[in-house]
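These notes concern the structure reproduced below.
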Ligand code: S3P
């Protein structure tokens, strides 16, 4: 329990059992660095926890690329410049990382998500649509079973869709309310909060928690800080989906 460096070389935490971790870092108070050989998901539960604790940590993708570059040098008798590993790692990471959109109802997550998916030739996933395909109309789910029940379905769907890479994922407005959802989304993705001003958000009758101006205002006040704190990047939304899409693509470098 006095380890300074912890290296996981087991498959524990690997897809599809992304919720597993080989050890509990809380039991190792002297840890200064964590290395995980697992590269799927891109950020394992072990590494995510290390980062949260302020411990230096690296996932397996960097190790995978580095060993391939060294192997290639040996096999082909070539010397690559030192930046080669970083450049390949970045390219793979960018192509694999999911683009995840969060934000208030009617902030444009689905519209912008579809544009992004089209331009980047990625698969588009809308978690609300997945819930509706599997369990039926969302408004009815709220009416019949209540919000907590809906949140359970939402968590299950988010965990499932977050396991795959290279996607654009639009989430429901309340997805950030559960830390486990955020953790799952971040395991393979980068979260962009679509920050659209309250006076531009449109309540609609099919949105049980944002069906009038008062309800929308309440949700906004409850959630604004949560959206900000859980996002990797905040994108100001000016109402034009094309320009929002462009801003996100400019960040993906
Ligand atoms: C919700 C937002 C909805 C949907 C559900 C709950 C919320 O998604 O997930 O009605 O809690 O804000 P949109 O943000 O796409 O409207």
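Hey, fewest Cβ within 10 Å first, where do 124, 193, 1 land in order?
1, 124, 193
Taking 22 Å as R0, compute the FRET efficiency from the Cβ-Cβ separation of residue 226 and residue 119 and round it to 0.05.
Efficiency computed from Cβ-Cβ geometry: 0.15.
Is segment 140-201 rounded, prolate or oblate when judged by the Cα gyration tensor, a ≥ b ≥ c being the square roots of its eigenvalues, rounded requiring a/c under 1.5 and prolate requiring a/b larger than b/c?
Note, shape of segment 140-201 comes out oblate.
Kindly provide the helix-only [θ] at 222 nm of the chain, computed as the sum of -39,500 (n - 2.57) over DSSP H runs of four or more divided by all residues, to the nearest 500 deg cm²/dmol?
-14500 deg cm²/dmol
What nm distance separates the two modelled labels at residue 70 and residue 142, each placed 7 Å from Cα along Cα→Cβ?
5.5
Could you put 12, 59, 165 in order, starting from the residue whose Cβ has the fewest other Cβ atoms within 10 Å?
So the ranking, lowest neighbour count to highest, is 12, 165, 59.
Could you state the per residue volume, in Å³, of the convex hull enclosing the Cα atoms of segment 103-171?
So the per-residue hull volume is 86 Å³.
Under 16 Å from a label point 7 Å along Cα→Cβ of residue 33: give me every residue in segment 45-72 with its amide N that close.
Within reach of a label on residue 33: 47, 50-51, 54-64, 66-67.
Kirkwood hydrodynamic radius, computed over distinct alpha-carbon pairs, for the chain: how many Å, to one decimal?
Answer for the chain: a Kirkwood hydrodynamic radius of 19.7 Å.
What span do the alpha-carbon atoms of segment 1-118 cover on each of the three principal axes, reported in whole Å from largest to smallest?
Sorted from largest, the Cα extents of segment 1-118 read 49, 44, 25 Å.
Sort 58, 148 so that the residue with the fewest other Cβ atoms within 10 Å of its own Cβ comes first and the one with the most comes last.
Ranked by crowding around the Cβ, least crowded first: 148, 58.
Averaged over all directions, how much area does the convex hull of the C-alpha atoms of segment 130-253 cover when projected, in nm²?
7.9
Each reported figure results from applying straightforward, stated rules to the coordinates on display, with no laboratory input. As the structure is a computational prediction, the values presented were derived from the model and not from experiment. Here the Cβ is made from the backbone with ideal geometry for all residues, glycine too, and neighbour counts use every protein chain on show.
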